[in-house]
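Enquirer: My questions all concern the structure below.
The values are calculated or read from the model by the stated rules, or taken from the named source; none is laboratory data. Remember, it's a predicted structure, so these values are computed and weren't measured experimentally. All Cβ positions, glycine included, derive from the backbone under ideal geometry; neighbour counts span all protein chains shown. In case anyone asks, the SASA skips ligands and DNA or RNA and just uses the protein heavy atoms, side chains included. Shrake-Rupley method; radii C 1.70, N 1.55, O 1.52, S 1.80 Å.
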Amino acid sequence: MTEEIRHAAATDIGLARDTNEDSFLTQPPLFAVADGMGGHMAGDVASRLALEALAGKGVLGADDLADAIREANQHVHNEATARPELRGMGTTITALVAGPKDVEIAHVGDSRAYLLRGGSLKRLTTDHTVVERMVREGRIDPEEADHHPQRSYLERALGVEPDVDVDSYHISIEPGDRILLCTDGLTTMLTEDSIREILEGESAADDASKRLVGAAVDAGGSDNVTVVVIDYPGSRVEVSPAPMEQKAPKQARGKRRLLVRAGVIAAVALIALLSLRALALSRWYVGADQGRVVIFRGIPGVISKVEERTEIPVTSLPEVNQDRLGEGISASGRSDANEIVGNLREIREDYGSEPPYPSESSP
Ligand code: MN
């Protein structure tokens, strides 16, 4: 291939957030997106730190990429441990090394990589979310998953624990392949069909990335949105479907295979459970308990810990808010949860002088 690989990136804060916690990296042949989480500015710090750590590695091979991401995990985790204001921060990461004939992808979280080939769009990564697991287990439909209130709860994120499992993928490239890396701000706002249409309709990577981000913002922009588009030279038409293999995590092929004994499996399962619990408890939401509005840590219906009970009776609020409290209103951190409670308090005050609920002094 004599022509160059072309690329472009775009990001937007969206219409609903105060900060852009997404980050991207375009340092050919290395590309990545990251979507940070945590209160205040911590999410922003997490995604930036992760990509800085990755950029500093000068990554090339497939195994190097996964190793570099594990190192980035340690780096983010160390910072989160050392600085109280950053405690609990984490980030998704979807990173790619674009070789001349193939690409290596390494991935943690719910950002995604897609391949546009021969007019069809194929998702290359699996989301590490509670909801995606529920789909895999057949407990909910994929269509339900798209609108599920807990769709952004991660089962795995970078920086939350001292170690992280990294998914690795290898794809052989054909001429004209176009690859998209994106954060969930794109995929929660646009259907895969609209994403495919835009990628098909814009021949320049720059135009495609700007239009994708613009469309996500126009569709509501409820989250930060970030995309990276990578184009291989050649015409983008009728070729065979993408051959793709997912590699087993590197360690699984080595020493770990020898450790298949019941005791070890039980210990691993326990550790996984505890990590999952720690990760779940790093999330925040506002819900209802004993008739009052309550701030929780955890995931509604999965694991919850009461953090603060308010004086606000649930029945003092309009039905729409009651419904949302029933499902749990997710918050990006403690201060966000406080803000949601503040809003509910205002809604309650505005909700008329004759409350349709028994006053607090009545039996
Ligand atoms: Mn996001």
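Enquirer: Collect the residues in region 127-169 that are more than 28 Å from HIS7 (Cα to Cα), hydroxyl-bearing (Ser, Thr, Tyr) and outside any strand (DSSP E or B), keeping them in residue-number order.
Expert: TYR153 - this is the single residue of region 127-169 that is more than 28 Å from HIS7 (Cα to Cα), hydroxyl-bearing (Ser, Thr, Tyr) and outside any strand (DSSP E or B).
Enquirer: Of the residues TYR169, TYR114, TYR153, which single one is closer than 21 Å to ARG283 by Cβ and of a type in the set (Ser, Thr, Tyr)?
Expert: TYR153
Enquirer: In addition: Starting from region 93-118, take each residue that is farther than 18 Å from ALA68 by Cα and list its partners that are small (Gly, Ala, Ser) and open to solvent by 10 Å² or more (accessible area, probe 1.4 Å), counting only C-beta distances under 6 angstrom and pairs at least six apart or across chains.
Expert: ASP102/SER172; LEU115/ALA242; ARG117/ALA242
Enquirer: Give region 215-232 a look and list any residue that's farther than 19 Å from ALA34 by Cα and surrounded by 15 or more Cβ atoms within 10 Å (Cβ to Cβ), or say none.
Expert: Step one: filter region 215-232 for residues farther than 19 Å from ALA34 by Cα, giving 215, 218-220, 231-232.
The answer is ALA215, ALA219, ASP231, TYR232.
Enquirer: As an exercise: evaluate ASP146 against (1) away from the ligand (no atom under 16 Å from the Cβ); (2) farther than 18 Å from THR11 by Cα; (3) in contact (Cβ under 8 Å) with a residue 40 or more places away in the chain; (4) surrounded by fewer than 17 Cβ atoms within 10 Å (Cβ to Cβ) and give the number of the one condition it does not meet.
Expert: (1)
Enquirer: Further question on the same structure: Taking the condition more than 24 Å from LYS57 (Cα to Cα), at pLDDT below 95, of a type in the set (D, E, K, R) and open to solvent by 60 Å² or more (accessible area, probe 1.4 Å), does ARG123 pass?
Expert: no
Enquirer: Further question: Can you tell me which residue within region 202-219, out of those that are in contact with a helix residue (DSSP H, G or I) (Cβ under 8 Å, 6 or more places away or on another chain) and in a helix (DSSP H, G or I), is farthest from GLU21 (Cα to Cα)?
Expert: Applying the first criterion (in contact with a helix residue (DSSP H, G or I) (Cβ under 8 Å, 6 or more places away or on another chain)) to region 202-219 yields 202, 208, 211-213, 215-216.
Next cut, in a helix (DSSP H, G or I) only: 208, 211-213, 215-216.
Numbers: ALA208: 22, ARG211: 20, LEU212: 18, VAL213: 15, ALA215: 19, ALA216: 16 Å.
So the residue we want is ALA208.
Enquirer: Within 16 Å of the chain's Cα centre (by Cα) and among the hydroxyl-bearing types (Ser, Thr, Tyr): does that describe THR81?
Expert: Spelling it out, it is not the case that THR81 is within 16 Å of the chain's Cα centre (by Cα) and among the hydroxyl-bearing types (Ser, Thr, Tyr).
Enquirer: What's the number of the only condition in (1) open to solvent by less than 20 Å² (accessible area, probe 1.4 Å); (2) out of contact with any Lys or Arg (no Cβ under 8 Å at 6 or more places or on another chain) that ALA68 fails to meet?
Expert: Answer for ALA68: the failing condition is (2).
Enquirer: Can you report the number of residues in region 177-188 which are in a loop (DSSP other than H, G, I, E, B) and modelled with pLDDT of 95 or more?
Expert: 2
Enquirer: Within region 112-126, which residues are farther than 27 Å from VAL45 by Cβ and in a strand (DSSP E or B)?
Expert: If the condition is that a residue be farther than 27 Å from VAL45 by Cβ and in a strand (DSSP E or B), then TYR114, LEU115, LEU116, ARG117, SER120, LEU121, LYS122, ARG123 are the ones that fit.
Enquirer: Does region 87-96 contain any residue that is part of a strand (DSSP E or B) and away from the ligand (no atom under 16 Å from the Cβ)?
Expert: Scanning region 87-96 turns up at least one residue that is part of a strand (DSSP E or B) and away from the ligand (no atom under 16 Å from the Cβ).
Enquirer: A follow-up question, please. In region 174-211, what count of residues is obtained for those that are open to solvent by 20 Å² or more (accessible area, probe 1.4 Å) and among the β-branched types (Val, Ile, Thr)?
Expert: 3
Enquirer: Determine whether region 105-120 contains at least one residue that is within 16 Å of the ligand (Cβ to nearest atom) and among the polar types (S, T, N, Q).
Expert: Yes: one or more hits.
Enquirer: Suppose we keep only residues that are outside any loop (DSSP other than H, G, I, E, B) and in contact with a helix residue (DSSP H, G or I) (Cβ under 6 Å, 6 or more places away or on another chain) within region 97-111. Which one would you say is most open to solvent (accessible area, probe 1.4 Å)? Working first, answer last.
Expert: Taking region 97-111 and keeping what is outside any loop (DSSP other than H, G, I, E, B), we get 97-98, 102-108.
Still in the running and in contact with a helix residue (DSSP H, G or I) (Cβ under 6 Å, 6 or more places away or on another chain): 97, 104, 106.
Working: VAL97: 10, GLU104: 26, ALA106: 2 Å².
Looking at residues that are outside any loop (DSSP other than H, G, I, E, B) and in contact with a helix residue (DSSP H, G or I) (Cβ under 6 Å, 6 or more places away or on another chain), I get GLU104.
Enquirer: Further question on the same structure: Can you tell me which residue within region 31-44, out of those that are at pLDDT below 95 and open to solvent by less than 20 Å² (accessible area, probe 1.4 Å), is nearest to the ligand (Cβ to nearest atom)?
Expert: Of all residues in region 31-44, those at pLDDT below 95 come to 37-44.
Remaining after also requiring open to solvent by less than 20 Å² (accessible area, probe 1.4 Å): 38, 42-43.
On the way: GLY38: 12, ALA42: 14, GLY43: 9 Å.
Result: GLY43.
Enquirer: Would you pick out the residues in region 61-83 that are touching an Asp or Glu at 6+ places or on another chain (Cβ under 9 Å) and either part of a loop (DSSP other than H, G, I, E, B) or aromatic (Phe, Trp, Tyr) (or both)?
Expert: Of everything in region 61-83, just one residue is touching an Asp or Glu at 6+ places or on another chain (Cβ under 9 Å) and either part of a loop (DSSP other than H, G, I, E, B) or aromatic (Phe, Trp, Tyr) (or both), namely GLY61.
Enquirer: On to the next question. Given the structure, is ALA16 within 16 Å of the ligand (Cβ to nearest atom), outside any loop (DSSP other than H, G, I, E, B) and small (Gly, Ala, Ser)? Show your work before the answer.
Expert: Details: within 16 Å of the ligand (Cβ to nearest atom): yes; outside any loop (DSSP other than H, G, I, E, B): no; small (Gly, Ala, Ser): yes.
In short, no.
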